[in-house]
Amino acid sequence: MALLLSPLFPAPRGSQLQVTTAPSSTACVGLGALLQCRFDVGGPVALDSLQVTWYFWEEKVAWYDQGRRKALRGANLPSEKELQSGDASLSLAAVTVPNEGLYRCVVGYKAQQHKGETTLHLLAAPTISIPRKPAVADAETSLLCHVGRFFPKDVDVAWLRDGQVLKGFTRSSPHRNADGTFNLTLTYTFTPTHNDAGNIFSCHVHHAALEQPIQEDVTLDILAGDRTGAVVGAVLGILLGAGAAAAAAIYFWRNRKKGFILWFSTLGSVDNSTR
């Protein structure tokens, strides 16, 4: 996207050297960036009178001095032909989050020196990852949406159900990665029923690095509730019931047998006494 260059530091009246820079530039993490800086000396440029120096905050990152040039790794100045045309832009290869910030383009020509400033803003588009596993009917379950590797950290996220924004979801605080980008997790916890089978849940994400929001969908699969406990309980109940019935039968049988023996013994005693 073309940016309007404007002189942030106008040269004093009577000075021929003018330096113009873009107020800001935007680039994507991992790609190249071009920081525009142009100058005008009021005529042809004599390279043996030209000095160009770029600073990142207070650190010198690239410079050209009367035919000699040097740049830190990943930084590059224009060719001498481009310098002669008044182009002193700085190109950066594969920028990372630490490259974001204020840059200064300082141009010296003969006895004159002027500068311009530009701010580099970086963007990294988020990714979405949803672990997929079936839910169990009538058991609490959580849907997780991992939003990763985005920059800057401001991001809008939401869980949707059949296209409607859900209430009650939670989001973690953004966690900074080693490369300066951020991750977070969006969680929706609920207790599904068999009627929820086939519902579509969506993780919806909007971020400055995206031209339009992105989302990932997941269809809810429902498993039958775990009935193992109920089955085991029923079997144990039957066994206990059968055991109790058997014990009762044995008890009554033994008591009945004792009663029969006692009756028979008594009967024998009466008969002997009669005799």
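The values are calculated or read from the model by the stated rules, or taken from the named source; none is laboratory data. Computed from a predicted model, the values in this text were never measured in an experiment. Glycine also receives a Cβ, built like all others from the backbone with ideal geometry; neighbour counts cover every protein chain displayed. Keep in mind that these areas ignore ligands, DNA and RNA; they rest on the heavy atoms of the full protein, side chains included. Shrake-Rupley method; radii C 1.70, N 1.55, O 1.52, S 1.80 Å.
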Single residue of K110, K115, K133 found to be of a type in the set (D, E, K, R) and in the same structural domain as R176 (by the TED database): K133
The stretch 93-114: number of residues that are hydroxyl-bearing (S, T, Y) and either without any contact (Cβ under 8 Å) to a residue 12 or more places away in the chain or surrounded by fewer than 20 Cβ atoms within 10 Å (Cβ to Cβ) (or both): 1
Reported set for the stretch 17-45 where residues are in a loop (DSSP other than H, G, I, E, B) and in contact with a Phe, Trp or Tyr (Cβ under 8 Å, 6 or more places away or on another chain) is L17, V29, V41, V45
Please state which one of A33, A22 is open to solvent by less than 70 Å² (accessible area, probe 1.4 Å) and at pLDDT below 95. A22
Flagged pairs (Cβ under 7 angstrom, 6 or more apart or on separate chains; first in the stretch 202-216, within 12 Å of L160 (Cβ to Cβ) and at pLDDT 95 or above; second among the hydrophobic types (A, V, I, L, M, F, W, C) and in a loop (DSSP other than H, G, I, E, B)) are C203/I130; V205/V155; E216/I130
